[in-house]
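The values are calculated or read from the model by the stated rules, or taken from the named source; none is laboratory data. Everything numeric in this text was worked out from a predicted model, so none of it was measured. Positions of Cβ are backbone-derived with ideal geometry, glycine not excepted, and every protein chain shown enters the neighbour counts.
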Amino acid sequence: MSDLYDFRTTEAKWQASWNETGLFRAPADPDPSRKFYALEMFAYPSGDIHIGHFRNYGIGDAAVRRLLMQGKDVLHPFGWDAFGLPAENAAIQRDIHPREWTLGNIATGRSTLQAVGLGYDWEREFATCNPDYYHFTQWIFVLLYERGLVYRKNAPVNWCVGCATVLANEQVQDGQCWRCKSVVEKRDLEQWYIRITEYAQRLVDGLDTLPKWPKSTLASQRNWIGRSEGAAITFGVESPAEGCPSELEVFTTRPDTLWGVTFLALSPESDAGRWCAGHGSNATDVAAYAKAAALKTEIERSAANREKTGVDSGLRAVHPCTGETVPVLVADYVLASYGTGYVMGVPAHDERDFQFAKAHDLGIAVVIQNKSGSLDVATMEGAYTESGVMTASGPFDGRPSADAIPQPQVIAWLEEQGTGSGRVTFRLRDWLISRQRYWGCPIPMVHCAACGVVPVPQDQLPVTLPPDVESWIPKGRSPLADVAEFVATTCPKCGGAAERDVDTMDTFIDSSWYHLRYTDAHNGDLPFDPVAAAKWLPVDLYIGGAEHANGHLIYFRFITKVLKDAGFLDVEEPVVRLFHHGMVQDGDGRTMSKSLGNVISPIHLAREFGIDAARLAMFFFAPSREEIRWNEDGAAAARKLVTRLHATFVANRDVIAAFPADVRGDSSGSDEAREARRRAHIMLQRFDDAFDGDLALNPGVAAIYELLNVFPNAEKVAASSEADRRCYAEALRVLALTMAPVAPHLAEEVHEMLGGEGSVFRTSWPAVDPEALVLDTVEIAVQVRGKVKARITVAADADEASVRETALADPAVVAAIGEQPVRRVIVVPGRLVNVVV
RNA sequence: GGGGGCGUAGCCCAAUCGGCAGAGGCAACGGUCUCAAACACCGUCCAGUGUGGGUUCGACUCCCACCGCCCCUACCA
């Protein structure tokens with residue numbers, strides 16, 4: 001073996017070895033006490049694997065390698081989130097079939113990941129666009145249907161003009177399509193929905209059982225699900241016309257402000273709003289208003305502080321407590337999809353209602369008085385939304401509204417009166433999953449003239465995507481609608497002629513169950529064998545970007561719960577510990593993207609610096625959770641570190657080889673030798689803390705530098721005493737193992753050089769020796785009034801009294817105290833002494 | 001508007017239970033090596049922790065207010 005380290009050949013050599021020996025192949029029958037399921041979010045096969053993937057997967061890879069050394073039975077799989085729009089866009093732009101484009105990208109991506117030495121069980125790999133996989137995406141859809149969680153509804157939906165498809169709420173960002181940035185409009189369409197709101201409460205409750213999830217993500221999900229407690233209150237409609245709703249039920253979180261209602265407002269898309277537009281006494285105006293509202297884009301409609309428009313609905317409502325009539329308006333600041341679509345207007349105590357009332361000359365009534373009693377309709381410039389004392393509120397006059405909001409007494413009273421009741425509402429909407437696109441999972445439903453909507457029985461799945469369509473160009477309906485042989489089918493129920501549903505599913509459904517498929521990736525009968533899933537679930541560590549907090553990570557929790565209810569799983573939550581890695585930016589702090597042309601491939605890193613150096617650089621730049629700027633100088637420094645590490649082992653090879661692998665130094669070594677040993681254990685301790693904690697590997701890598709910096713040159717080591725050489729040998733042995741997760745190829749090479757058998761990842765992870773960490777003597781600071789005045793050297797285990805005595809005897813301390821009386825002496829063992837005068 | 005996070009040397013970042021602000025790297029500078037340069041090696045330099053208060057013997061760390069930056073969310077009644 002050459003004494004010069006050639007990272008290119010060495011790295012290739014060990015990658016081949018890992019493949020041959022199946023190092024990362026998960027055991028078929030993991031020991032329950034040792035199983036560990038490590039997962040990184042799978043990749044969209046967009047083309048090249050970039051440096052951001054390399055970081056994400058590198059963190060997981062390092063964690064997994066240490067787990068192997070700890071003797072865990074590890075499942076660490078990889079796959080491809082392979083359906084989705086970019087494939088179709090490529091098809092349109094380059095006249096290449098989406099499948100071909102996708103499969104080509106997968107092949108490139110896989111070979112890149114393998115070339116950079118990431119350790120996965122490739123035998124469990126799959127792509128969601130493969131019928132072997134989407135067969136069971138459909139199977140799960142049918143299961144959801146059978147469990148009453150799928151329904152069809154005509155409702156206003158987000159319509160992306162550019163993609164010519166509907167979008168889910170979280171796919172609309174700032175009123176634009178998340179993919180193509182086109183304007184998003186509202187359209188009325190009949191679409192498939194999944195009743196995720198049925199699980200809203202469980203999705204909220206589950207958050208309390210996830211202590212190892214980032215606080216930010218828990219908070220984000222809590223806000224997204226948006227549980228609100230309040231009351232549903234029924235207002236009568238004054239002399240309702242034929243067909244007109246006779247009652248309007250509103251939802252409010254402030255039932256204590258009920259007596260302050262001066263109007264009701266209806267969403268133009270609500271049932272009553274639509275009735276008013278068609279049949280009400282002011283139908284012409286309402287219809288015109290509703291039409292204008294629908295044409296507004298999401299951007300216009302959601303612009304902050306937009307003027308609150310509205311129009312008289314033609315109805316009058318009867319206040320359930322006072323019997324007075326109040327005007328009812330149609331206003332597009334009211335959302336049809338939240339609460340009931342009708343709100344009670346309390347201008348004095350709600351900012352939006354205040355603005356609306358001012359703009360439309362509606363009455364304002366103060367019913368919650370502030371502490372000083374100064375609220376007066378004539379002088380109010382905004383709503384008073386705090387709590388206070390209820391006034392002009394019938395039986396509740398004089399009651400504080402502060403006890404609890406919503407007021408339980410008010411709700412109880414409403415229930416007594418029969419005009420309202422307590423109600424919990426969620427912000428979370430049902431999951432709209434229809435997409436008018438080709439490259440997705442077909443919805444396994446059949447429309448039969450005689451039987452209505454009929455699911456394709458599970459034993460007749462999959463409904464395969466037709467191999468070709470006439471045109472990829474979106475025209476506002478699914479390209480599948482034009483494939484006659486796909487559409488024409490027979491009804492599974494009556495056998496008569498029927499038509500297939502032509503839409504495909506949102507790709508978030510593909511990724512909602514992929515973690516389960518890995519446990520049994522080749523099952524042809526079921527999505528997975530419940531026995532196999534039980535062996536591995538829950539995922540012990542899940543690594544991915546924080547941007548999925550409200551999309552994927554909610555759907556994924558939801559589907560896990562449904563499958564548990566259906567008896568296929570025994571876990572309520574899919575993931576024990578969630579970790580969000582930081583992004584990788586270019587040297588100027590810009591996000592790497594194809595359009596900016598600043599994307600760096602890990603292949604480039606492998607060639608220029610070596611994979612181990614690139615990993616070390618990445619781990620060293622910043623804690624894993626923080627974003628980093630890629631920096632070639634830093635990578636070059638890491639390359640030097642690899643060279644230096646290798647050279648250190650080569651130079652000290654004979655010293656190490658003279659002792660058994662489990663050599664231990666002890667206190668008979670010199671200070672210098674024991675310091676080397678101590679540094680090695682500090683390093684180990686830091687890696688342990690990181691891997692067991694927040695995955696911040698930077699202090700650990702820094703500790704490698706620290707160890708090398710105190711390590712004497714080889715001549716000196718060779719010439720030292722036997723006791724010293726034992727310390728040095730131990731330090732390097734600890735280093736050789738501890739660096740393995742972060743610099744795996746180098747570690748294998750060193751392991752082999754030191755005479756190790758097999759892979760270093762089949763040896764065991766070292767244990768910190770607490771005895772190696774302690775120092776004989778420590779220098780501690782002596783402070784007088786908090787200012788350091790002297791430093792004294794004492795035995796590390798010196799008792800407080802003697803430390804105090806030594807400190808007080810120090811001339812500099814004596815001088816600093818002078819004539820002042822000593823009031824207290826604080827001794828922090830091993831740290832400092834503070835004299836209070 | 002709501003929520004989450006972050007401010008430490010020129011730059012990236014450490015700092016255990018509240019206990020001496022500096023471990024490490026980059027850059028810069030000086031030196032050794034070299035015909036010279038690069039590489040390598042040795043060494044040097046640099047902040048008082050965004051601001052203002054508070055608690056404490058002692059605050060980067062805890063509390064309050066403010067400033068700046070990043071991310072998420074947003075007419076949710």
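A few points about this structure:
- Criterion violated by residue A:764 - all others in (1) within 14 Å of RNA strand B (Cβ to nearest atom); (2) in contact with a helix residue (DSSP H, G or I) (Cβ under 7 Å, 6 or more places away or on another chain); (3) under 28 Å from residue A:751 (Cα atoms) satisfied: (1)
- Among the residues of the range A:182-226, the ones that are within 14 Å of RNA strand B (Cβ to nearest atom) and more than 21 Å from residue A:548 (Cβ to Cβ) come to 1 in all.
- The residue of the range A:721-756 that is farthest from RNA strand B (Cβ to nearest atom), among those that are touching a Phe, Trp or Tyr at 6+ places or on another chain (Cβ under 7 Å) and not in a helix (DSSP H, G or I), is A:740.
One line per residue, one yes/no per condition, for (1) in the same structural domain as residue A:181 (by TED's automatic domain parsing); (2) surrounded by fewer than 19 Cβ atoms within 10 Å (Cβ to Cβ); (3) within 15 Å of RNA strand B (Cβ to nearest atom):
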| position | (1), (2), (3) |
| --- | --- |
| A:233 | no, no, yes |
| A:244 | no, yes, no |
| A:265 | no, no, yes |
| A:294 | no, yes, yes |
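- For the range A:622-660, the tally of residues that are in a loop (DSSP other than H, G, I, E, B), near RNA strand B (Cβ under 7 Å from one of its atoms) and surrounded by 16 or more Cβ atoms within 10 Å (Cβ to Cβ) stands at 1.
- Out of A:60, A:47, A:22, sole residue that is within 20 Å of the chain's Cα centre (by Cα) and of a type in the set (Gly, Ala, Ser): A:60
- Subset of the range A:661-696 [in a helix (DSSP H, G or I), more than 12 Å from RNA strand B (Cβ to nearest atom) and among the hydrophobic types (A, V, I, L, M, F, W, C)]: A:673, A:676, A:680, A:684, A:687, A:691
- Contacts under 9 angstrom Cβ, first residue in the range A:629-646 being of a type in the set (S, T, N, Q), partner more than 7 Å from RNA strand B (Cβ to nearest atom), 6 or more apart: A:631/A:587; A:631/A:617; A:643/A:4; A:643/A:5; A:643/A:7; A:643/A:613
- Within the range A:348-388, being within 17 Å of residue A:329 (Cα to Cα), touching a residue at least 24 places away in the same chain (Cβ under 8 Å) and not in a helix (DSSP H, G or I) holds for A:350, A:362, A:363, A:364.
- Residues that are within 10 Å of RNA strand B (Cβ to nearest atom), in a helix (DSSP H, G or I), more than 26 Å from residue A:55 (Cβ to Cβ) and touching a residue at least 12 places away in the same chain (Cβ under 8 Å) occur in the range A:697-717; there is at least one.
- Cβ-Cβ under 8 Å pairs, at least 6 apart or on other chains, the range A:749-772 side in the same structural domain as residue A:678 (by TED's automatic domain parsing) and farther than 13 Å from residue A:662 by Cα, far side of a type in the set (Phe, Trp, Tyr) and at pLDDT 95 or above: A:749/A:14; A:759/A:18
- Check on residue A:298, surrounded by fewer than 16 Cβ atoms within 10 Å (Cβ to Cβ) and either within 14 Å of RNA strand B (Cβ to nearest atom) or at pLDDT 90 or above (or both): no
- Boolean, residue A:473 is of a type in the set (Val, Ile, Thr) and either in contact with a strand residue (DSSP E or B) (Cβ under 9 Å, 6 or more places away or on another chain) or under 27 Å from residue A:61 (Cα atoms) (or both): no
- Screening residue A:759 on (1) surrounded by 19 or more Cβ atoms within 10 Å (Cβ to Cβ); (2) within 16 Å of RNA strand B (Cβ to nearest atom) shows it passes everything except condition (2).
- Evaluation of residue A:414 against (1) modelled with pLDDT of 95 or more; (2) not assigned by TED's automatic domain parsing to the domain that holds residue A:488 (one fails), failing number: (1)
- Every residue from the range A:152-209 that is of a type in the set (Lys, Arg) and outside any strand (DSSP E or B): A:179, A:181, A:195, A:202
- Restricting the range A:16-63 to residues that are free of Cβ contacts under 8 Å to residues at least 60 places away in the same chain and among the aliphatic types (A, V, I, L, M), the residue that is farthest from residue A:571 (Cα to Cα) is A:16.
- Every listed requirement among (1) surrounded by fewer than 23 Cβ atoms within 10 Å (Cβ to Cβ); (2) among the β-branched types (Val, Ile, Thr); (3) not in a loop (DSSP other than H, G, I, E, B) is met by residue A:560 save one, (1).
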